[in-house]
Structure formats: C-alpha cells, structure tokens
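> Pasting a structure below so you can have a look.
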Amino acid sequence: MEKFEHEYNAEQIQVLDGIEHVRKRPGMYIGSVSIRGLHHLVYEIVDNAVDEALAGYCTKIKVEIEPGNIICVEDNGRGIPIDIHKKTKISAAETVYTQLNAGGKFGGDSGYKVSGGLHGVGASVVNALSNWTEVTIKRDGGIHQMKFEKGKTVQSLQRIGDSSETGTKVRFLADDTIFETLEYDYETLENRFREMAFLTKGLYISIEDKRGEELKKAEFCYEGGLNSFVEYLNESKEKINPKPIYIEKVDGEVPVEIAFQYTSSYSENIYSFVNNINTIEGGTHLEGFKRALTKTFNDYAKSHNILKEKDGNLQGEDIREGITAVISVKVREPQFEGQTKTKLGNSNVGGIVQSLVNEALATYLEENPNIAKAILEKCVSASRAREAARKARELVRRKTSLETTTLPGKLADCSSKKAEECEVYIVEGDSAGGSAKQGRDRRYQAILPLWGKMLNVEKARADKIYGNDKLNPVIVAVGAGIGADFDITKIRYGKVIIMADADVDGAHIRTLLLTFFFRYMRPLIENGNVFLAQPPLYKLSKKGIDDIYCYTDEELNKTYEELGKKGISIDQLSIQRYKGLGEMNPEQLWETTMDPERRILVRVTLEDAIKADSTFSMLMGDEVEPRRKFIEENAKYVVNLDV
C-alpha cells in the first residue's frame, strides 16, 4: 500500500456547519439554477481533483457525460479519507458529502496548502443539489462506496472490494426539480478543462460526451504549462517574440508562473489566476505584473537610448498594447475582495510578482536585444497613436458641444429619453433601415442604418476608429465613449440590437460589430446590453389562414407537420424565403423582428472571455490558416448560406 508524505485522514476534516438550506437557496452557493449553475456542479467536483493535483498527488482526471446527463468524474489522487471522524461519528468521506464547510482545506500542512475549491462547500453542495450521488473511493487497500439521494445518505460507506490503487470516482445526476435544464453544453465544459490543464502543468484531463450517436472526446495535457496557454491564445496572431517569455518561481511563500508574448495586434489580453481561479477583476498579482512591465521597459528604453532624455516615459497602456499574458499564482490563504473570488487582495503578492518580473524581464531584454527593440518600437508607436486618439477624441467632443444637433444624421431617434426603456436597432443597409424606421414604435425604438464596408477594428488603433465614418455614428449614438473612456452609466439605450441579413454578408457585419463592441465597449456586452435580432427565414401563406413565419429550418419542418395534421399540404402553401431584411415591408418587419411581444432576441454574453478573444482574433486577424481550419471544421453546422 502506497505511503504519502503527509497524512490525509479524518483528523484533517473540520466541520463548520450543516447543509439544511442549500436546497432552498441554491443560488447562494452556485450563483444560479440556470445552465451556468448546472456546470458549476461539475466544476466543483473537478476542482477537488485538481486540488489533489496541486498538492502533488493526482496526475489524471477523467470526466464523462453519460446518457441521461449523468456526470462521472474520476481521479487518481489519494482518495477521500475513509476513517471515522471524531466530531460527526461517521466516516470522513460521508462527512465531506453531507456537512457544509467540511473539507481538508482549512488546516495546516497535512491538508491542502493551496486550493481552488470553495473551501469544503463544493462536494456537499453538489450532493445536496443532486437527485442522487454515488461516491467510490480507492484507498487503504480497498474499494469503498457510499450513496446519497437529494443530499441524504442512503448507503453509508461500505467496502465493496480490494484495490492497490488510490483515487475517487463521483457520479451524480443533478436534481431536475431545482435546475432549469439538465442539458450540459459539451463545448463549455471542454473549454474549462482545457484551461485547467494549461494551469496545472503535466496534469492529464479528458472529457467524453456519450449522450449522442457520435462520441465526442477531448484530451488535454500540457507539459509547457502557461507557455502552451499563451501559444494557444495567440495561434491566430502574428508574433513579435516567437516564443513566449516565461517566468517561474516554484519555491518561496507564493509560487508564481507567468508567460507572455507580444503580437502585432492592438488589443491587450492579460488573464490572471489564483489557485486556478480566474480572477477576472485582477488584483495585487496583476498590478505587480503591470508595474514591473512599465518600469523595466522604460528603464531599458532610456538606458539604450531608444527614449531620449527629453522624451517622457511610456505609459503602461503603450507597453501593454498587443500583449497576451497569463499570470498564475498559488497563495496559501488568498484574500478575495467580495464573494465572487474575482479580485485578489493579498498585498504581499503584488511585491513578490513585481520583484520577480523586474529581474527576469530585465535579463531577457539584455539577452534578446533584437526582440527588445521590436517590442519597444511597437510601444513608441502605440504612444504616438494614443496621443493622436486623444486629439481625435477631443475633436469629437468639441464638435459635438458646438453643434446644435449632436446625433448622427442617419439616426432616427426615439422620443423617450429613459435609457432603460429605449433600444437602438443598428440595421444593415438603407432599404432595411427605411422599413425599420416606418415599422418601429417611435416612442422607444431608434434606428441607425449602416452602409458600406465597416472597419475591422482587430487591425486598427483607437485613433483610426474615432475618425471612421462607419463606426463614429455608432459611438455617438451609444453615447458612452470607447476604450478606457467608456462609461456604462452614459449609454443612451438599454438595448443595442444588431439587425442584419441571415446570409454571409450579414454574418460578416455582425462579426465586425461584435468585434468592435468586444474590443472597445466590452462593458456593454458584460452588462447584457447587446442583442442580435432574429429575422424570419420563411413566410408561409395560404388564403384563409394568417401568414406563418418560421425562423429556422427546424421550425419550418415542424410547421409543415402541424399543418399536415390539419389537412394542409406543402403544395397548397405559398413559401417565401427571405434573403434580406429589405424584402420585408414595414408591417412585416415590425411583426416578425421588432415587436417585443413576438420578436426573438439573442443576448450576447461573455460566458468565456478567453474563448471569445481567441475566436475574434482568429476570425478577424491576419493569420489565414487558423481561419481556414475553423471554417472547414464548422462548415457542416452552417445554415442559411447564400452564395
């Protein structure tokens, strides 16, 4: 039987509370009972296995989505302790699954030094919110199993066989009386586990979806750690330094791993993690990294005469233009600001990261002068563009304050001035714009037609955007500025709705606009203010019945079936396939696409900013090969393709 360096048994399991009200108020523990909350259950169990990997005991995690949306997570860690817990008088394993805030993450050296899980909440909450849970543990020479229903024990821990291996397998079925859906999204889980594998160097994670006829499977294991992560994020971008700059310090009170690379793009993409938790609001680790970048590059530029004495220092945003960076720190007792764990507060971490990056980056720049020069040339160019953008921004402000009407000429505004009830349709083409203007409800619906080729902001800086005659009307109409100046409190419309044709050109317009919003008005998406209108694809007509609109091919086939039951055949119907919004008259456009009682709107979200960022870079960037590969892989899913 394998012996471990640190004992991990019932002594390390501390009990803090019960789980009586988890089922009554699940949102307090997992955020929501939507599909996001459903996925959170899987993350909690996988996080426990990753914590075993962080502690040095687990090398392999296998996740399966079984038919019926049953989840199975298996790891080869030490196995949950099975001895009797002194306080609860039941096995430590059963304690972990039935007592809220019971786990091995509160104590000292013998439990977990660092942890990304919810400090013992995870397993018991998953159990409480599941129809049934089955836990199988291999350790101490045996195979042990326990079963639960809706959080309550129906079979205490029993030995069911022998094994020389160690590990934990958890199977559960989420409770359909609590969650809005039990349908897991394979891609969302796949992206999350890829990220986990990047962050835990050498850890193997696999996911299999066994629900459909065709098995879906992905395997992740990255010996390169964050280097591999940055290379993945920059797959579609033109690189300035061919290999990421890699900084690692494994000893000391705060282990740090950082990788970053410069590209020819104009956006800044920095992702920070603490104990594998994505700190989307940053914190002290991110601040330390930024300070080190700014100081080290300015010092190098001055000492190598790239910046003259009379020149001012480069600003942080100049130095970060085009950077892709991932920062990962392991903190024994992380202090997060707020309950969401999105901003690190430990003050000592900032100094540790800054000192490490200062030293390592200064050495790298001295050893790689050509790369240092290329990066700094880009930084100086960014500085000039920032100054040009400032002047362009001031010019726009000055013009709007002097003009009697400050809104774009083509904008048909609404009469209401209350942003929360107003909405603006950004419409492709003048003909569709004309129909939309006539068909709208003028009280709260504004129309902004767009025409001509729009700027691809993936390949342009802010100074070019302010002067662009296609994007400037959008900036002025939304009314909240762009980039660092964007102020969500100043938006003029609560809903910004992109309305484009259901063809290739329409998809291109949508992608260009979404890229613009993502890069320069991201809070608009994060706040849930951006929507895609869904115009119908077909109109079915027959004398004696009301016109029927279908929005998808599936809906069309379903309508055929329903009409067939009523004795109406396809031959009796007049079928119109809409190729563009301009084919609809104002009444039809209102009925199908603009009437709040009947329309279909799709809210644009940032569920996964990392995936969104790489997708926009790939679709709109310079590299052709990744885009070609994406189109080939997704061609089978394309519908409504007009060529």
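> Taking the Cα centre as origin and putting +1 on Lys and Arg beta-carbons and -1 on Asp and Glu beta-carbons, what dipole magnitude results for the chain, to the nearest 20 debye?
Taking the Cα centre of the chain as origin, the dipole is about 1640 debye.
> Rounded, prolate or oblate: which fits the chain when a ≥ b ≥ c are the square roots of the eigenvalues of the alpha-carbon gyration tensor, with rounded for a/c under 1.5 and prolate only if a/b beats b/c?
Oblate, because a/c is 1.5 or more while a/b does not exceed b/c.
> Take every DSSP beta bridge with both residues inside the range 226-385 and express the antiparallel ones as a percent of the total, to the nearest 5.
70
> I want to check the label-to-label distance for K410 and E387. Put each point 7 Å from Cα in the C-beta direction and report it in nm to one decimal.
So the two model labels end up 3.4 nm from each other.
> Then there's this: What is the calculated FRET efficiency for N370 to W451, with r their C-beta to C-beta distance and R₀ = 51 Å, to the nearest 0.05?
Computed FRET efficiency for N370 and W451: 0.70.
> Which log10 I(q)/I(0) values does the range 439-547 give at q = 0.10, 0.22, 0.24 Å⁻¹ under the Debye formula, counting every alpha carbon as one identical point scatterer?
-0.34, -1.36, -1.56
> Using θ = phi - 60° and the Karplus curve 6.51 cos²θ - 1.76 cosθ + 1.60, what whole-Hz ³J(HN,Hα) does each residue of the range 519-534 get, with Gly and Pro shown as x?
Result, ordered by residue: 7, 10, 9, 4, x, 5, 6, 4, 7, x, 9, 9, 9, 10, 6, 10 Hz.
> On to the next question. Rounded to the nearest 0.05, what FRET efficiency do K558 and Q155 give with R0 = 51 Å and r taken as the Cβ-Cβ distance? Could you check?
Computed FRET efficiency for K558 and Q155: 0.70.
> Turning to a different aspect of this structure: Run the simple label-point estimate for T489 and D546 please: 7 Å along Cα→C-beta, distance reported in nm.
4.5
> Residue separation times 0.36 nm, minus the C-alpha to C-alpha distance between S347 and N131: what's the value?
Roughly 73.5 nm would be gained on extension.
> In what sequence do C72, C379 fall when counting other Cβ within 10 Å, fewest first?
Listed from fewest to most nearby Cβ atoms, that is C72, C379.
> Put a dot 7 Å past each Cα toward the Cβ at D505 and K249; how far apart are the dots in nm?
Simple spin-label model gives 5.8 nm for this pair.
> Then there is this: Can you list the lysines whose alpha carbon is less than 26 Å from that of K216, not counting same-chain residues fewer than 8 positions off?
By straight Cα distance, K216 reaches K60, K62, K169, K201, K611, K629, K636.
> Could I ask something else about it? What does DSSP give for the range 10-220 in terms of the percent of beta bridges that are antiparallel, rounded to the nearest 5?
The antiparallel fraction comes to roughly 85 percent.
> Something else: Rounded to the nearest 5, what is the percent of antiparallel bridges among the DSSP beta bridges in the chain?
70
> Hey, which lysines would be in cross-link range of K87, C-alpha to C-alpha under 18 Å, not counting anything within fewer than 8 residues on its own chain?
List returned: K105.
> Here's another thing I want to ask about it. Between I84 and Q335, how high is the FRET efficiency from 1/(1 + (r/R0)^6) when r is the Cβ-Cβ distance and R₀ = 25 Å? Nearest 0.05.
0.15
Any read-out appearing in this document is the output of simple, stated calculations on the displayed coordinates, not a laboratory observation. What you see is a predicted model, and the numbers here were worked out from it, not measured in a lab. Ideal geometry is used to build each Cβ from the backbone, glycine not excepted, and the neighbour counts take in all protein chains shown.
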